[in-house]
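**Q** If you scroll down you'll find the structure; I have some questions about it.
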Amino acid sequence: MNNRTLNVLIAATFIGGACFAAKERVVRFQNHVRVGYDDNIYNTEDATGSGFITEIVNLTAKASFSSRTDALFYWEPNFNYRFDANPEMVVYQDLYGRLNHAISQRAFLTVSDRFRYQQKEGQVETVTGPSDFDQNYMENDLQGSVDYTLNTISYLKVGAGYEFRTWDDSDYGSGAANNDYTQFRGNGSYVRQLKPNKTEGLLGLNYTDHEYDGSRGGYNSLAFFGGLDQNFTPNVTGFGRLGFSMNSVDSGPSSSDTTTPYIQGGLEVNPSARTSLTGSLGYSVYRAENSFYNAQNRLNIGLGARHDITAKINLAASFSYIYGIYDTDYALPGVSSDLKDTYVTLGLRASYQVNRNNFLEAGYLFKTRTTSGGLSEFDGNRVDVAWRLRL
């Protein structure tokens, strides 16, 4: 057992034990069974289809230790059996804990830790090779932040995070193009209320230091930005961030310095108690999703909609668009061309509440990827029917 895994287990044991030792707690259990078919389980051009049975268990606990301290903990194992896959059975994990504590009347602390064992989604490697068929990884993300109130209309927010990822596939996670990485993040912002209960303005900065294991290199970026959080109406809220980031990309024997825009935005609309719409936009330097570059300029757009047709029937839809621009300045030795990478997903889901604890569901997911280089392009469809038990 390596030090990374041991630290994760210690943190999970501490958070879980603390929740169940609290003075007050609420525990919820949910079991979700899906049966369906995926016509491209490996996300490759030469598609392989398979039926699947998936069971997702969720155990959530909310705990209150005092009037100043509370915590949230959840554990979500995912048991995924695919009839025509290798391996047929894979068990994924998602473990999360968060502690909130009022240090004083002015200072508020939040610490969270999230462990995941998952499969890479969307942007696999070349058409052939073991990385097409073994894209599982272990990831842990530890974050902390402090909000400090300066006066009735302004406060400071500072935070830091440490994340690492380790891949199962030894060919994908080792060697000159090592994809295992560690990432340190720091951020700070000054927030001021411009209109009571309507508008907040802020100035801030984000720092990221991303390092791959071995001699591959990595990148660091420092982003400066300004922004607004706005309540347009009781049913419409949004936020925007605009600035620039100064980036340094180290690709083994060479390095390059670049400046890119920094953009973030989001909008939430609730036209009625039964309908909600969300949207998000982002553009910034981001880690690479392949073995040939150390960074990308990434544009992501997300849309979501939810509507309760009746008190028991619910419909939800989601759309995601990710466009990665890989410049030669970000490339590893031997790569001499730019790369464009586009990944799009569209999801639809319907739910019917049979009674207080039982739900029937049906879902559809479409996924497609196109690139301008020699990476795997594909289309895929997945359908399922499901039963969900909530206690």
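The values are calculated or read from the model by the stated rules, or taken from the named source; none is laboratory data. None of the values given here were measured: they were computed from a predicted structure. Note: ideal-geometry Cβ built from the backbone for every residue, glycine included; neighbour counts use all protein chains shown.
**Q** When you scan the range 221-237, how many residues do you find that are exposed (fewer than 15 other Cβ atoms within 10 Å of the Cβ) and within 20 Å of His210 (Cβ to Cβ)?
**A** 1
**Q** Identify all residues within the range 313-334 that are of a type outside the set (A, V, I, L, M, F, W, C) and more than 16 Å from Asn297 (Cα to Cα); write none if there are none.
**A** Correct list: Asn314, Ser318, Ser320, Pro333, Gly334.
**Q** Out of all the residues in the range 132-166, which are polar (S, T, N, Q) and in a strand (DSSP E or B)?
**A** Across the range 132-166, the qualifying residues are Asn136, Asn140, Gln143, Ser145, Thr149, Asn151, Ser154, Thr166.
**Q** Could you check, for the range 99-107, whether at least one of its residues is surrounded by fewer than 17 Cβ atoms within 10 Å (Cβ to Cβ) and within 19 Å of Asp168 (Cβ to Cβ)?
**A** No: the range 99-107 contains no residue that is surrounded by fewer than 17 Cβ atoms within 10 Å (Cβ to Cβ) and within 19 Å of Asp168 (Cβ to Cβ).
**Q** I've got another one for you. Does Ser276 fit the bill of being modelled with pLDDT of 90 or more, small (Gly, Ala, Ser), in contact with a Ser or Thr (Cβ under 9 Å, 6 or more places away or on another chain) and on the phi < 0 side of the Ramachandran plot?
**A** Considered against the rule, which asks whether it is modelled with pLDDT of 90 or more, small (Gly, Ala, Ser), in contact with a Ser or Thr (Cβ under 9 Å, 6 or more places away or on another chain) and on the phi < 0 side of the Ramachandran plot, Ser276 comes out as no.
**Q** Starting from the range 252-267, keep only residues that are in contact (Cβ under 8 Å) with a residue 40 or more places away in the chain and outside any strand (DSSP E or B), then list their pairs with residues that are among the aliphatic types (A, V, I, L, M) and buried (at least 17 other Cβ atoms within 10 Å of the Cβ) whose Cβ atoms are within a distance under 8 Å, requiring at least 6 positions of separation or different chains.
**A** Gly252/Leu332
**Q** Here are Glu211, Glu163, Glu200: which of them is over 23 Å from Phe244 (Cα atoms) and surrounded by 15 or more Cβ atoms within 10 Å (Cβ to Cβ)?
**A** Glu163 is the lone residue from the list that is over 23 Å from Phe244 (Cα atoms) and surrounded by 15 or more Cβ atoms within 10 Å (Cβ to Cβ).
**Q** Restricting the search to the range 57-75, which residues are of a type in the set (Gly, Ala, Ser), part of a strand (DSSP E or B) and over 25 Å from the mean Cα position of the chain (by Cα)?
**A** Ser64
Condition check ((1) modelled with pLDDT of 95 or more; (2) surrounded by 15 or more Cβ atoms within 10 Å (Cβ to Cβ)) across all residues:
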residue	(1), (2)
Asn187	yes, yes
Gln193	yes, yes
Gly204	yes, yes
Gly218	no, yes
Phe239	yes, yes
Val249	no, yes
Ser254	no, no
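**Q** Considering Ala305, Ala362, Ala316, Ala331, which residue is of a type outside the set (Asp, Glu), surrounded by 15 or more Cβ atoms within 10 Å (Cβ to Cβ), in contact with a Ser or Thr (Cβ under 9 Å, 6 or more places away or on another chain) and within 24 Å of Ser50 (Cα to Cα)?
**A** Among Ala305, Ala362, Ala316, Ala331, only Ala362 is of a type outside the set (Asp, Glu), surrounded by 15 or more Cβ atoms within 10 Å (Cβ to Cβ), in contact with a Ser or Thr (Cβ under 9 Å, 6 or more places away or on another chain) and within 24 Å of Ser50 (Cα to Cα).
**Q** Listed residues Asp94, Asp168, Asp132, Asp84; which is of a type in the set (D, E, K, R), modelled with pLDDT under 85 and surrounded by fewer than 18 Cβ atoms within 10 Å (Cβ to Cβ)?
**A** Residue meeting the stated conditions: Asp168.
**Q** Then there is this: Taking Arg82 as the residue in question, decide whether it is in contact with a His (Cβ under 8 Å, 6 or more places away or on another chain) and farther than 25 Å from Arg390 by Cβ.
**A** No.
**Q** Residue by residue through the range 268-298, note down the ones that are in a strand (DSSP E or B), out of contact with any Pro (no Cβ under 8 Å at 6 or more places or on another chain) and either free of Cβ contacts under 8 Å to residues at least 24 places away in the same chain or surrounded by fewer than 18 Cβ atoms within 10 Å (Cβ to Cβ) (or both).
**A** Passing the criteria: Glu268, Val269, Asn270, Pro271, Ser272, Thr275, Ser276, Thr278, Gly279, Ser280, Leu281, Gly282.
**Q** Tell me, which residue of the range 304-337 that is in a loop (DSSP other than H, G, I, E, B) and within 26 Å of the chain's Cα centre (by Cα) is modelled with the highest pLDDT?
**A** Looking at the filtered set, the residue picked out is Asp327.
**Q** Here is a list: Tyr293, Tyr352. Which entry is of a type outside the set (D, E, K, R) and over 26 Å from Asn43 (Cα atoms)?
**A** Residue meeting the stated conditions: Tyr352.
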